[in-house]
Amino acid sequence: MKITGLFLALMMMASIAFAEQPATVYSRVLTGSVTGVMPETDGLDNVDLQKSANSVLRNAADSITKQLGSCNLSYTVTLNRPTVVGILLKAEGASGVLYKGINIDLTTGRELALTDIFREGNGRAEVTGAYYHALLGENGLMLCSSAGSAYDRVVPYKDLLPFIRAAAANRLLPITKLTNAVEGRVVPVKPGALLAIKLDANRSTGYSWGLTSTDAANVYEVGRSYIMPMNMDSQAGVMGSEIIFIAVQNPGDYSVTLEYKRGWEMMGVQSFSFDIAAR
């Protein structure tokens, strides 16, 4: 019985670890009028989602190879995360070269909409400028100016932090997780980093954590979430957890203070501070 329990526990741990890994992208060799290699995904827990993702890739490849006729197809994986992958297709033929970028949502098996990650608006348009299509890259958005053209312009993710959706941020960017144990310490991060600070909170009493910074233009909140203990959603007065997502946009040394108070109060009942060294 103990052996069976241990086996099940190990199997569960292995399953979780496997699910948290990026998808495998491998090459399928092509022959005929279109030569080269076609990218395909593997390793997704849901076979139907994997088939859907590979169908998206095939359709994208067909859309550019049919324009050239006889050609050679190749690809580059521009981003690979556990829930999203970016792939750049390149078709080369006698009549020219065509490119097509595909962002695949591995949770749906479909093409990912950029608005799932970033909010739209004039501010974002000012940062990216005009473009035809955006491809997710390792360090930023890769942009092309017209259908089939090269993705020859990159906008760093740190410049897009003001527009990122907090709920989707961890799909794209690494997040440093903190608690109030970081009080009085220096947290080293890279510019463009996101911090997720998990703190005890009880919203039913009107209290919430608020952020102040020595440089609000470079260290600021991008979103928050509140988590109640399991089976306690309907009970008033039960302590939950508030998660504050903080963006650190540019290099520098910054001091951060969080206060626990109600919106109309000047002074908080709790507070703590820490420093950030962005290099």
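The values are calculated or read from the model by the stated rules, or taken from the named source; none is laboratory data. Here the structure is a predicted model, which means the values were calculated and not measured. Cβ placement follows ideal geometry from the backbone for every residue including glycine, while neighbour counts extend to all protein chains displayed. Each accessible area value is taken on the protein alone, full model and side chains, heavy atoms only, with ligands, DNA and RNA left out. Shrake-Rupley method; radii C 1.70, N 1.55, O 1.52, S 1.80 Å.
A few points about this structure:
- Estimated from helical segments only, the mean residue ellipticity of the chain at 222 nm is -6000 deg cm²/dmol, where each DSSP H run of four or more residues counts as -39500 (n - 2.57).
- Among M267, T205, P188 the positive-end extreme of the charge dipole of the chain (Cβ point charges): P188
- With a 1.4 Å probe rolled over the protein heavy atoms of all chains, the accessible area of V84, V77 falls in the order V77, V84, largest first.
- Binning the C-alpha pair distances of the range 135-199 at 5 Å intervals from 0 yields a P(r) profile of 4, 14, 22, 19, 15, 11, 6, 4, 3, 2, 0 %, listed from the shortest bin outward.
- Protein heavy-atom accessible surface, 1.4 Å probe, per residue over the chain: 54 Å².
- Answer label for Cα extents along the principal axes in Å (calculated), chosen among [x] 56, 51, 31; [y] 71, 61, 33; [z] 54, 47, 43: [y]
- Springs join every pair of Cα atoms under 10 Å in this Gaussian network model of the chain, and among V269, V127, V29 the largest mean-square fluctuation is at V269.
- When the surface is traced with a 1.4 Å probe over the full set of protein chains, W209 keeps roughly 10 Å² accessible.
- Rg over Rh, two decimals, the range 91-153 (C-alpha only, Kirkwood Rh): 1.01
- Under 5 Å between amide hydrogens, built in the peptide plane, is the criterion, and for Q270 it picks out Y260 among residues at least 5 positions away or on other chains.
- Angle in degrees between helix 2-19 and the longest Cα principal axis of the chain, rounded to the nearest 10: 70 degrees
- The chain: angle of helix 47-68 to the longest principal axis, Cα-based, in degrees nearest 10: 50 degrees
- For A193, the amide hydrogen comes within under 5 Å of the amide hydrogens of V248, counting only partners 5 or more places away or on other chains and with H modelled in the peptide plane.
- 5 angstrom amide H check on S145, placed H, neighbours 5+ away: Y132, D152
- Taking each residue as 0.36 nm, the span from R279 to V186 lengthens on full extension beyond its C-alpha to C-alpha distance by 32.2 nm.
- Mean-square fluctuations from a GNM of the chain, with a 10 angstrom spring cutoff on Cα atoms, peak among G192, G148, G129 at G129.
- With all protein chains modelled, accessible area of E183 [1.4 Å, Å²]: 110 Å²
- When restricted to Cα atoms, the range 16-101 yields an Rg and a Dmax of 13.7, 48 Å, respectively.
- Of the whole protein surface, R224 contributes about 80 Å² of accessible area at a 1.4 Å probe radius.
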